[in-house]
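Q: Got a structure for you, questions after.
No value in this document is a laboratory result; all are computed from the given coordinates. Computed from a predicted structure; not experimentally measured. Note: ideal-geometry Cβ built from the backbone for every residue, glycine included; neighbour counts use all protein chains shown.
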Amino acid sequence: MKKQNQIIVILFLIGLIGGCRQQYEPIDSDFSQFGWKYYENGDYIGARDWFKEALKDDSTFADAYNGIGWSLGHLGQADSARKYFELWIAQADEESDYLFDYYAGLAFAYNALGNDQQALFNAQSNFFGKQDVVSGDIWCFCHRKDINQIDVRLIQAISQFRLGLFSDCLVTINDTYTDLTRQLSSASDANQMSGDYLDLDNSGTFTLNDKLYNGEWIDSTPDGILTPGEERLFDSYPLFYDVETVMGRSFLANHLAILAVHTSSQNGKNKLSCNTDRCN
């Protein structure tokens, strides 16, 4: 059925204007555009197939490599995703609009493969290390804008923790909070249904003096659903503990867990405002 749909679309493209004098021949960008439509609708197999059609038309077409990599990543084929990201990076220059997409994709792929060294390298040295090369703006993935640099920071922090780089992990967590302050909303009390943190110091923004919602609540009904009047639980995680101690590393692990609540890659929510000019 999917093959039939592809044939129909190809025929539609080729004979787009049946009554016109000039026949239109589809090019790589046409195939890629269809690929992103499939991707944004969650059909990653269909998206992959359209991007491959784009590569048949032009084997150097960057957007197709990008699309295949992200589609394969969603399909759980991390090693194949890595391959397509790296194939393009080998021929890319550092002024490309897609550069951060590839570095972010590689960080995700290597994390899924359990290769913490390469996940850290692509997140820290490539993604954040070269962030001012293109624009210096906050990055988000154009075709799923709730995926942004907070997700990449989490990969960086997790990799550092797994590699035993606990002090570095603490620094990355602090950097993540800098990003989070741009997206978190406050709750007036623990019984309020909405809000990500309790603004204990009345600063109007999230600071380390406040408490962050940990995703749990007292289900007094009980019905398994957060309902008005039920108390939500907010935790304080000070960032001045000694990460060389067992207790300090335990706090560090808890911090990573709480940050995962606020990332799209961990099925959380991620509303960080980012520059979308290049997405148009």
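Q: For the pair H74/T221, report the inter-label distance in nm, with labels modelled 7 Å from Cα in the Cβ direction.
A: 3.1
Q: Filter the trypsin sites (Lys or Arg not before Pro) in the stretch 161-251 to those in DSSP coil with at most 10 other Cβ atoms within 10 Å of their Cβ, and list the result. Working shown, then result.
A: On the way: sites: R162, R182, K211, R232, R249; in loops: R182.
Sites meeting the loop and neighbour criteria: none at all.
Q: In nanometres, what is the gap between the two model label sites at V171 and L200, each 7 Å from Cα along Cα-to-Cβ?
A: 2.8
Q: Give the order of L154, L233, L259 when sorted by the count of other beta carbons within 10 angstrom, beginning with the fewest. Walk me through the numbers before you get to the answer.
A: Details: L154 26, L233 12, L259 23.
With the fewest neighbours first, L154, L233, L259 line up as L233, L259, L154.
Q: Just grab the label-to-label distance for T178 and M247, each label 7 Å out from Cα along the Cβ direction, in nm (one decimal).
A: The answer from the label model is 2.9 nm.
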